[in-house]
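For reference, the structure discussed in these notes is given below.
The values are calculated or read from the model by the stated rules, or taken from the named source; none is laboratory data. Predicted model only: the values in this text are computed from it and were never measured. Here the Cβ is made from the backbone with ideal geometry for all residues, glycine too, and neighbour counts use every protein chain on show.
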C-alpha cells in the first residue's frame, strides 16, 4: 500500500492518485509498474484529455487492450479495424492520459493526447453559418451574432466533413405531493435528425458549420428548390465544383458507434419552473435534451488535425 502525503491514508499501489482526496501519490519503482489509469468520464464542464489511436501493431493482444480500456473485445476490434485515428479514452487529467499512453505503447499501440479545447468544445471554435454570398473567386459567410461577413477564397478550402446532428428532447410535467407519489401529468418526446457539414479553410482555425434547418439557401439563386435536403446537396456540390482540391470526408456515419464508446451523446436537463396547484402540491416541469453535436464537433476537428499533418 502507498500512503498519501496529503491525507495520510493508505492506497492500493495501482492508483496514481489518492482514492480519498485525489492528490497525486508518490511514485516508487514497484508502484510505477502496477499503476493503472483511472478511466472516469469527466464532467461536461471539466477539462478533459482524449487519448487518440494513431497506429497499432497487427499482432497485439486485443484481450489485454480491452481489459485496460474497460471495453469489450468486439469494440476494440472495431476501433482497430477502422484504420483511422479514433478516441480510445477520455480522462480528467493529463497525468492519467500519459499513464494510459505508456500502457498502450507496451501493448503495441501508438497514441496521441489531444485536449478537449483543441477539438472544438468551445463556442469560439465553431462558427454556425446562417447564410452565404458567393462570387466567382471568393465567398462570404454570415453568422448570427457577428457584424461583418467573413470572406474566404474557394482555393483555400481544404476539408468538408459531412455528418448529422441528432437531438432527442423529452419534456415531463408532474405533480409533486407530500402525502402520495409523484403523478406525471404530461410527457412528450421530440426527435430531430438534421444533416450538416463542416468547412475548414487553410487560412483560419475555426470550424464553419452549415446545418440544413438553420441555413438560408438563397445563395443558390435559381438552383434553389423547395426541399431542404436537396438544397443542402446542391450547396455541397457547388462548393465541390469551385474547390476541386478540397477533401470530402463522409466517414462519420460509419464510425459513430465506435465514437459512442468515448464521445457519447451528451445530456442536459433544464427546469421549466414550478407553480402551486394546491396546499402541499406543486406542479413542476423539466426538459431533457440529448445531443450528439459535441461528438460530431470533436470528430470533425480530429479529422482536420490529422489532414493538416498530411
Might you let me know whether the range 139-147 holds any residue that is in contact with a helix residue (DSSP H, G or I) (Cβ under 9 Å, 6 or more places away or on another chain) and either surrounded by 13 or more Cβ atoms within 10 Å (Cβ to Cβ) or within 18 Å of residue 252 (Cβ to Cβ) (or both)?
yes
Would you check if there is a residue in the range 58-67 being exposed (fewer than 14 other Cβ atoms within 10 Å of the Cβ), assigned to a loop (DSSP other than H, G, I, E, B) and touching a residue at least 12 places away in the same chain (Cβ under 8 Å)?
yes
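Residue by residue, here is whether (1) surrounded by 13 or more Cβ atoms within 10 Å (Cβ to Cβ); (2) more than 27 Å from the chain's Cα centre (by Cα); (3) assigned to a helix (DSSP H, G or I); (4) modelled with pLDDT under 95 holds:
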position: 210; (1), (2), (3), (4): yes, no, no, no
position: 221; (1), (2), (3), (4): no, yes, yes, yes
position: 226; (1), (2), (3), (4): no, yes, no, yes
position: 231; (1), (2), (3), (4): yes, no, yes, no
position: 236; (1), (2), (3), (4): yes, no, yes, no
position: 240; (1), (2), (3), (4): yes, no, yes, no
Which of the residues belonging to the range 76-92 are loosely packed, with under 15 Cβ neighbours inside 10 Å and either outside any loop (DSSP other than H, G, I, E, B) or in the same structural domain as residue 260 (by TED's automatic domain parsing) (or both)?
77, 81
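With 181, 230 as the choices, which residue is farther than 21 Å from residue 160 by Cβ and out of contact with any strand residue (DSSP E or B) (no Cβ under 6 Å at 6 or more places or on another chain)? Give the steps one after another, and end with the answer.
Numbers: 230 fails: farther than 21 Å from residue 160 by Cβ.
Only one candidate qualifies: 181.
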Answer with yes or no whether residue 95 is without any contact (Cβ under 8 Å) to a residue 24 or more places away in the chain, surrounded by fewer than 16 Cβ atoms within 10 Å (Cβ to Cβ) and not in a strand (DSSP E or B).
no
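Condition first: outside any helix (DSSP H, G or I) and buried (at least 18 other Cβ atoms within 10 Å of the Cβ). Now tell me which residues in the range 98-120 satisfy that.
Here is the first cut: in the range 98-120, the ones outside any helix (DSSP H, G or I) are 107-115, 120.
Result: 109, 111, 114, 120.
Looking at the range 159-179, is at least one residue touching a helix residue (DSSP H, G or I) at 6+ places or on another chain (Cβ under 6 Å), surrounded by 11 or more Cβ atoms within 10 Å (Cβ to Cβ) and free of Cβ contacts under 8 Å to residues at least 12 places away in the same chain?
First, the residues of the range 159-179 that are touching a helix residue (DSSP H, G or I) at 6+ places or on another chain (Cβ under 6 Å): 159, 161, 163, 165.
Then drop every residue that is not surrounded by 11 or more Cβ atoms within 10 Å (Cβ to Cβ), which leaves 159, 161, 163, 165.
Now drop any that are not free of Cβ contacts under 8 Å to residues at least 12 places away in the same chain, which leaves none.
Checking the range 159-179: not a single residue is touching a helix residue (DSSP H, G or I) at 6+ places or on another chain (Cβ under 6 Å), surrounded by 11 or more Cβ atoms within 10 Å (Cβ to Cβ) and free of Cβ contacts under 8 Å to residues at least 12 places away in the same chain.
Among the residues of the range 259-274, write down those that are in a helix (DSSP H, G or I) and buried (at least 18 other Cβ atoms within 10 Å of the Cβ).
At the first step, the residues of the range 259-274 found to be in a helix (DSSP H, G or I) are 259-260.
259, the sole residue that qualifies.
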